[in-house]
Each structure stands twice: as C-alpha cells, then as structure tokens.
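Report on one structure; see the data block that follows.
The values are calculated or read from the model by the stated rules, or taken from the named source; none is laboratory data. Since this is a predicted model, take the numbers as computed values, not measurements. Counting neighbours? That spans all protein chains shown, and the Cβs are built from the backbone with ideal geometry, glycine included. We work out accessible area using only protein heavy atoms, side chains counted, and drop any ligands, DNA or RNA first. Shrake-Rupley method; radii C 1.70, N 1.55, O 1.52, S 1.80 Å.
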Amino acid sequence: MDVLWDADEAGVLRLPSGRLVRGRGLRKPMPSGHPPALGIYLLGRRPPEFGWDSRWVRWRDGWLPADRAYAMEVLGEALERSASERVEFACLGGLGRTGTALATLAVLDGVPPEQAVAYVRANYHRRAVEMPWQRSFVRALKKPGH
C-alpha cells in the first residue's frame, strides 16, 4: 500500500468513506511531500508528462467535460484507486473544474447530489464549483445504485 495523503495537508478532501483525495491548481507550486500515484488533469489541452500515472480529461476552463462518459469513467477509477493510492485532481486554478470533479467524486462516494457542492465547499474550498452549469451538472448526477 502506498503512503496516503495527510488529511491535514492543503487541498486534501476526506470523502464520506474516509478516502482522501487532493485537489490543487497547477498555477501554484507543487505541494511538498509525496507526489500522487495517479493524477487526474482537467484541462483544455493535453498536459505535459508528470512522471506518475495520469489521466487527461479534456475540460475547457469554465465549462464541463467534453466527453462526460469518459470523465465519469476516469472519476470511477480515481475513486477506486483512492482506497490505497494518492490520487490528485487539478486544473489551472483548482476551483471550478477541480471542484466540480471533487463534488462528482463525493456523489460517487455517497453524498446526495443536491448536497455535494456544499460538501466540497465546506471541506475543500469555499469557492469550489464556480459556474452555475457546473453546480447543475453535479445536482443532476444519479446516486450510485439509483
């Protein structure tokens, strides 16, 4: 088992299951400590190689993922791997796209869709999930098993 994130580290979100994931903005310096085992990069253009396993979800700034089915597949993989590995999510600023992905992950982990944005804002960043259509995207998600 890999070393997991420190729950007190900046950008780390504890999901209801207890799993820890990290959100960050790529404009800021890389946080100190261990690198992720898996990085999910939510960007309009393909990111450079980071030196660890990564997935690119094409996602323009201020919008929603270009391929929603692929985004959900990647988020499912990220949730599964976060049980035993360090998983991070990042866009340029770390709030809109990253916040939306984290809120989606929270729904996949059992948070009711109508509460997921508030959950991420309370436990990750108060301005996460910036755009009204990003909030609507999260609210429209179906809880697992429904």
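Of all residue pairs spaced 6 or more apart or on separate chains, those with beta-carbon atoms under 6 Å, a first member in region 1-12 that is over 15 Å from MET30 (Cβ atoms) and among the β-branched types (Val, Ile, Thr) and a second member that is modelled with pLDDT under 90 and surrounded by 13 or more Cβ atoms within 10 Å (Cβ to Cβ) are VAL3/HIS34. When residues in region 1-26 are screened for being farther than 13 Å from GLU88 by Cα and over 16 Å from the mean Cα position of the chain (by Cα), 4 of them pass. Looking at region 59-144, the helices (runs of 4 or more DSSP H) lying wholly inside it that each contain 1 or more residues that are open to solvent by 60 Å² or more (accessible area, probe 1.4 Å) and within 14 Å of ILE40 (Cα to Cα) sit at 68-81. Check whether at least one residue in region 26-37 is outside any loop (DSSP other than H, G, I, E, B), open to solvent by less than 70 Å² (accessible area, probe 1.4 Å), at pLDDT 95 or above and within 29 Å of ALA140 (Cβ to Cβ), and report yes or no. No, region 26-37 contains no residue that is outside any loop (DSSP other than H, G, I, E, B), open to solvent by less than 70 Å² (accessible area, probe 1.4 Å), at pLDDT 95 or above and within 29 Å of ALA140 (Cβ to Cβ).
Among the conditions (1) among the charged types (D, E, K, R); (2) out of contact with any helix residue (DSSP H, G or I) (no Cβ under 7 Å at 6 or more places or on another chain); (3) open to solvent by 10 Å² or more (accessible area, probe 1.4 Å); (4) at pLDDT 95 or above, the only one that GLU49 does not satisfy is (4).
Taken over region 105-136, the criterion of being touching a Pro at 6+ places or on another chain (Cβ under 9 Å) and over 14 Å from ARG22 (Cα atoms) is satisfied by VAL107, LEU108, ASP109, GLY110, VAL111, TYR119. Of the set (1) open to solvent by 30 Å² or more (accessible area, probe 1.4 Å); (2) at pLDDT 95 or above, all apply to GLU9 but (2).
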